1. Mind checking whether some residue in the range 194-202 is in contact (Cβ under 8 Å) with a residue 12 or more places away in the chain and open to solvent by 60 Å² or more (accessible area, probe 1.4 Å)?
2. Which residue is modelled with the lowest pLDDT, if the candidates are limited to the range 337-350 and must be part of a helix (DSSP H, G or I) and among the aliphatic types (A, V, I, L, M)?
3. When the range 264-279 is examined, which residues are found to be farther than 15 Å from Val308 by Cβ and open to solvent by 20 Å² or more (accessible area, probe 1.4 Å)?
4. Can you report the number of residues in the range 243-263 which are buried (at least 18 other Cβ atoms within 10 Å of the Cβ), out of contact with any helix residue (DSSP H, G or I) (no Cβ under 7 Å at 6 or more places or on another chain) and in a helix (DSSP H, G or I)?
5. Scan the range 90-113 residue by residue and report those that are modelled with pLDDT under 85, in contact with a strand residue (DSSP E or B) (Cβ under 9 Å, 6 or more places away or on another chain) and of a type in the set (A, V, I, L, M).
6. Could you tell me whether any residue of the range 142-151 is within 24 Å of Leu230 (Cβ to Cβ) and open to solvent by 20 Å² or more (accessible area, probe 1.4 Å)?
7. Just the residues that are among the aromatic types (Phe, Trp, Tyr) and surrounded by fewer than 18 Cβ atoms within 10 Å (Cβ to Cβ), please, taken from the range 203-237.
8. Can you pull out the residues in the range 145-161 that are closer than 16 Å to Ser219 by Cα and touching a Pro at 6+ places or on another chain (Cβ under 9 Å)?
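The values are calculated or read from the model by the stated rules, or taken from the named source; none is laboratory data. Small disclaimer: the values here were computed from a predicted structure and weren't measured. Neighbour counts run over all protein chains shown; Cβ positions are idealised from the backbone, glycine included. SASA here: full protein model, heavy atoms, side chains in, ligands and nucleic acids out. Shrake-Rupley method; radii C 1.70, N 1.55, O 1.52, S 1.80 Å.
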Amino acid sequence: MELQDRQQEPDTTPVVILHRGGLLTSIARINMEDLIAGVKEALQNNDTAAAAAKIQEYLEEQENIPLNIAITGECGSGKSTFVNAFRGIDDKDEGAAPTGVVETTSQVGAYTHPNFPNVMLWDLPGIGTTKFPADKYLKLVGFEKFDFFIIISDTRFRENDVKLAQEIQKIKKKFYFVRSKIDNNMRAEERKRDFSAERTLTKIRDDCIQGLQRQGVVSPQVFLVSSFELHLYDFSLLHPTLERELPAHKRDALLFVMPNINLEIINKKKKAFQSKIKYYSILSAAVAGVPVPLLSAAVDLGLMVAVVSKYVAGFGLDKSSLERLAASSGVPYTDLSAVIKSKLSAEKTTKDLILKLLVSAASIVASMAAEEAARWIPVFGIVASMSLSFITTYKALNYFLNELADDAQNVFNKALG
């Protein structure tokens with residue numbers, strides 16, 4: 001799947017209609033009626049600070065929606081390695097969940113995602129140990145806080161796994177079975193003369209499903225995964241399943257922490273980021289309504305730094321993410337960096353860097369200059385400035401997003417394509 005060519009993308013800039021006094025009367029394609037009503041009321045009262053605060057509150061709320069994922073199973077099944085892989089870090093990295101050939105998880109371990117701290121993965125102790133017997137397991141680990149459970153096994157799913165699934169079902173939480181260490185199975189089977197990768201995977205999957213059904217699990221969802229090669233096997237099927245069954249307001253939280261295992265994930269991230277640009281642009285317009293010279297430009301640049309930094313992290317284009325990808329894919333870091341065109345990925349995002357890159361986009365710079373000039377036009381100056389600020393921010397963020405989405409695609413093709 002190719003990312004949409006930006007040259008062919010239609011201009012979908014939302015239309016902002018303003019009149020004297022700063023009333024925001026129409027914002028196309030925004031359905032957040034309560035939010036817009038509050039912003040309109042504030043602007044009608046010439047209270048641009050209140051309008052900006054409402055938008056800021058909404059954006060912060062969206063970015064801090066918690067997602068708690070429980071990873072559980074029997075001792076030695078590969079839980080901790082899966083936790084680390086999901087977070088995009090190596091077992092040897094600082095802050096990694098401890099792994100080993102014996103049970104290393106003796107208590108509930110909470111691990112935040114390195115780029116998105118609102119997403120927490122919980123490495124739970126093995127079920128069926130003396131400290132965590134199966135019949136008391138959920139209560140002991142504090143099941144209430146988890147959005148869903150992933151039950152991991154490196155062989156057939158056993159009695160304790162089934163007991164856990166049945167208990168989770170009673171509390172009406174979602175659970176999924178992950179058959180881990182598939183890469184080991186595949187290497188073992190490759191030695192056989194009549195080896196077929198597709199036939200082997202089907203056999204393993206069917207064996208797991210039938211075993212769970214015999215033990216009373218209805219319609220079990222089983223995914224075959226290698227924590228060292230997430231782009232292979234069934235991990236790409238796990239995300240759409242989780243996304244479909246999560247509440248709508250938590251789907252973006254899951255999406256942004258997903259590794260770029262295919263181009264579809266990259267495209268979904270781009271669309272999710274794009275859907276929020278209108279809100280940042282409204283925030284910019286509200287700030288532009290404050291009649292203080294150069295205030296809007298300063299706030300806009302600060303806003304762009306924060307938003308672009310989220311783009312870089314979400315696409316895995318920061319240095320630490322690229323280094324981890326280089327280690328896991330075997331493609332040298334220098335080769336991955338070489339396919340990145342935007343300077344936003346290669347350097348720390350700063351106001352100076354944003355301004356430097358905007359200089360190359362003549363229409364955006366012209367809008368920024370016109371915005372400051374419009375402030376001093378009698379009567380209608382503030383209204384014109386708000387409109388120009390909205391358009392400038394909207395076009396600039398789309399410009400940066402397109403650049404970084406293309407870079408993410410190039411890195412994926414180089415590392416895993």
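1. Going through the range 194-202, the residues in contact (Cβ under 8 Å) with a residue 12 or more places away in the chain turn out to be 200-201.
From what's left, open to solvent by 60 Å² or more (accessible area, probe 1.4 Å): none.
Checking the range 194-202: not a single residue is in contact (Cβ under 8 Å) with a residue 12 or more places away in the chain and open to solvent by 60 Å² or more (accessible area, probe 1.4 Å).
2. Start the filter on the range 337-350 by keeping residues that are part of a helix (DSSP H, G or I), which leaves 337-338, 343-346.
Filter once more, so that each one left must be among the aliphatic types (A, V, I, L, M): 338, 344, 346.
On the way: Ala338: 92, Leu344: 84, Ala346: 60.
Among residues in the range 337-350 that are part of a helix (DSSP H, G or I) and among the aliphatic types (A, V, I, L, M), the one modelled with the lowest pLDDT is Ala346.
3. Glu264, Asn267, Lys268, Lys271, Ser275, Lys278
4. 3
5. Result: Ala96, Ala97, Val108.
6. Taking the range 142-151 as the starting set, the residues that turn out to be within 24 Å of Leu230 (Cβ to Cβ) are 146-151.
Now restrict to residues that are open to solvent by 20 Å² or more (accessible area, probe 1.4 Å): 147.
For the range 142-151, residues within 24 Å of Leu230 (Cβ to Cβ) and open to solvent by 20 Å² or more (accessible area, probe 1.4 Å): present.
7. Narrowing the range 203-237 to residues among the aromatic types (Phe, Trp, Tyr): 223, 228, 233, 235.
Phe228 - this is the single residue of the range 203-237 that is among the aromatic types (Phe, Trp, Tyr) and surrounded by fewer than 18 Cβ atoms within 10 Å (Cβ to Cβ).
8. Phe157
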